[in-house]
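In what follows, a structure is listed as structure tokens, so that the remarks can point back to it.
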Amino acid sequence: MESTNTAHQVASYLLETEAVKLRPEQPFKWSSGWNSPIYCDNRVTLSFPYIRSYIKQQLAELIKQNFPDAEAIGGVATAGIAQGALVADCLEMPFLYVRPEPKKHGMGNQIEGRILEGQKIVLVEDLISTGGSSLKAAEAVKAAGAEVIGMAAIFTYGFAVAEENFKKAEIPLHCLSNYNALTEAAVANGYIPESAMSTLADWRRSPETWGA
């Protein structure tokens with residue numbers, strides 16, 4: 001089980017760097033068409049060396065604890081590439097990354113880097129929403145003959161649909177931080193008033209209909 005202290009520290013860093021923006025009164029529009037009081041781009045943390053290092057170390061520790069049999073790290077393109085490479089370097093493991101689809105030129109690769117038959121791989125993501133793109137990457141790794149033994153991510157919204165998708169795929173998911181920790185940190189650090197918590201909770205329960 002992930003550390004509550006780590007979850008809140010990562011959440012605080014995401015807010016501090018503005019990797020996460022919370023706007024309950026002026027929602028964002030996601031590409032899915034959903035209205036959302038939150039926008040998350042964890043790539044921003046890469047621009048802050050001490051935060052980047054903290055997240056790298058925590059992801060590496062999470063993988064060591066939960067996936068001790070891991071033989072390689074795979075980044076899910078594009079946001080998981082840099083995070084995955086940092087973690088692989090920290091763990092002194094081979095690294096590869098997975099595109100959403102094969103290249104349309106050159107070798108036509110979907111997976112970049114050396115992948116071996118039967119190799120036990122942990123995929124690294126920066127963010128989990130429904131889990132669709134992450135699990136698509138896992139399927140590509142399996143099709144190449146390797147084994148995805150789990151996935152590690154910086155942050156999850158904790159949607160029920162994501163939990164169900166990972167359960168169906170039989171891929172364990174472990175994340176450093178989550179939506180509950182984020183909203184708690186946002187109130188504690190003065191980013192949003194406590195009165196906004198009910199709105200944020202309503203969205204998490206039914207994101208596809210919220211604000212429609």
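The values are calculated or read from the model by the stated rules, or taken from the named source; none is laboratory data. These figures come from a predicted structure and were not determined experimentally. As a convention, Cβ positions derive from the backbone with ideal geometry for all residues, glycine included, and neighbour counts pool all protein chains shown. Areas reflect the complete protein model, heavy atoms only, side chains present, ligands, DNA and RNA absent. Shrake-Rupley method; radii C 1.70, N 1.55, O 1.52, S 1.80 Å.
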Give region 119-140 a look and list any residue that's open to solvent by less than 40 Å² (accessible area, probe 1.4 Å), part of a strand (DSSP E or B) and over 15 Å from Cys175 (Cβ atoms), or say none. Ile121
Could you tell me whether region 42-55 includes any residue that is open to solvent by less than 60 Å² (accessible area, probe 1.4 Å), touching a Lys or Arg at 6+ places or on another chain (Cβ under 7 Å), of a type in the set (S, T, N, Q) and part of a strand (DSSP E or B)? no
Among (1) crowded, with 16+ Cβ neighbours inside 10 Å; (2) hydrophobic (A, V, I, L, M, F, W, C); (3) more than 16 Å from the chain's Cα centre (by Cα), Leu116 falls short only on (1)
Answer yes if at least one residue in region 141-154 is within 16 Å of the chain's Cα centre (by Cα), surrounded by fewer than 24 Cβ atoms within 10 Å (Cβ to Cβ), farther than 20 Å from Ala88 by Cβ and not acidic (Asp, Glu), and no otherwise. no
Top-ranked residue of region 60-87 - restricted to ones that are of a type in the set (S, T, N, Q) and touching a residue at least 40 places away in the same chain (Cβ under 8 Å), ranked as surrounded by the most Cβ atoms within 10 Å (Cβ to Cβ): Gln83
Scanning region 141-150 for residues that are outside any helix (DSSP H, G or I) and among the aliphatic types (A, V, I, L, M) gives Ala144, Ala146, Val148, Ile149
Is at least one residue of region 8-17 open to solvent by 10 Å² or more (accessible area, probe 1.4 Å) and on the phi > 0 side of the Ramachandran plot? no
Quickly run through region 46-59 and pick out the residues that are of a type in the set (Val, Ile, Thr) and free of Cβ contacts under 8 Å to residues at least 60 places away in the same chain. Ile51
Hits in region 113-150 (condition: within 14 Å of Ala79 (Cα to Cα) and touching an Asp or Glu at 6+ places or on another chain (Cβ under 6 Å)): Ser134
Cβ contacts < 7 Å: first residue closer than 9 Å to Ile73 by Cβ, restricted to region 88-110; second residue open to solvent by less than 60 Å² (accessible area, probe 1.4 Å) and part of a helix (DSSP H, G or I), any location; separation 6+ or different chain. Result? Leu91/Ala60; Leu91/Ile63; Pro94/Ala88; Phe95/Gly84; Phe95/Ala85; Phe95/Ala88
Residue check for Gly108: at pLDDT 95 or above, of a type outside the set (Ser, Thr, Tyr), exposed (fewer than 15 other Cβ atoms within 10 Å of the Cβ) and in a loop (DSSP other than H, G, I, E, B): no
